[in-house]
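To start, the structure under review is shown below, and the notes come after it.
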């Protein structure tokens, strides 16, 4: 009997590859929740009025950054725009990665990867994406609890 992780070729994915693949998705989710909390703070809404689809969250966040009143300081505005751009890039990477085909050993070097129409995801490229997602989530969290909280103390 085959286990759920066993491929038809009887090759198992490497545990280290699965670990970093999980990190990519974990840190993306963390970044998405940071974006949601910033959106809620800027709009003064609650979680029930926030979309759950990443692209819609990005669209509403971008709009909220542009339309928030009173306007944000230039520095905070620039940082939030950059964070929204990082979130957009993370969404694109995540969507490309989700649409890829897992392959235990597709080449002669026995390299674990995921591949799709225009992307090949080696373990090194996954580390890069995971770290970008993590860094963006940390930056967003620092903005939320720091500068944004200072400029918008009235909105919880």
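Data for the structure
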| read-out | value |
| --- | --- |
| Some residue of segment 117-126 being loosely packed, with under 13 Cβ neighbours inside 10 Å and modelled with pLDDT under 85 | yes |
| Condition check for residue 52: part of a helix (DSSP H, G or I) and either under 19 Å from the mean Cα position of the chain (by Cα) or more than 21 Å from residue 145 (Cα to Cα) (or both) | no |
| Subset of segment 38-68 [surrounded by fewer than 17 Cβ atoms within 10 Å (Cβ to Cβ) and modelled with pLDDT of 90 or more] | 55, 56, 59, 63, 66, 67 |
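Okay, residues lined up against (1) modelled with pLDDT under 95; (2) surrounded by fewer than 19 Cβ atoms within 10 Å (Cβ to Cβ); (3) in contact with a strand residue (DSSP E or B) (Cβ under 8 Å, 6 or more places away or on another chain); (4) within 20 Å of residue 148 (Cβ to Cβ):
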{"position": "8", "(1), (2), (3), (4)": "yes, yes, no, no"}
{"position": "27", "(1), (2), (3), (4)": "no, no, no, no"}
{"position": "82", "(1), (2), (3), (4)": "no, yes, no, yes"}
{"position": "102", "(1), (2), (3), (4)": "yes, yes, yes, no"}
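The values are calculated or read from the model by the stated rules, or taken from the named source; none is laboratory data. No experiment lies behind these values; they were computed from the predicted model shown. For neighbour counting, all protein chains shown are included, and Cβ atoms are generated from backbone atoms with ideal geometry for every residue, glycine included.
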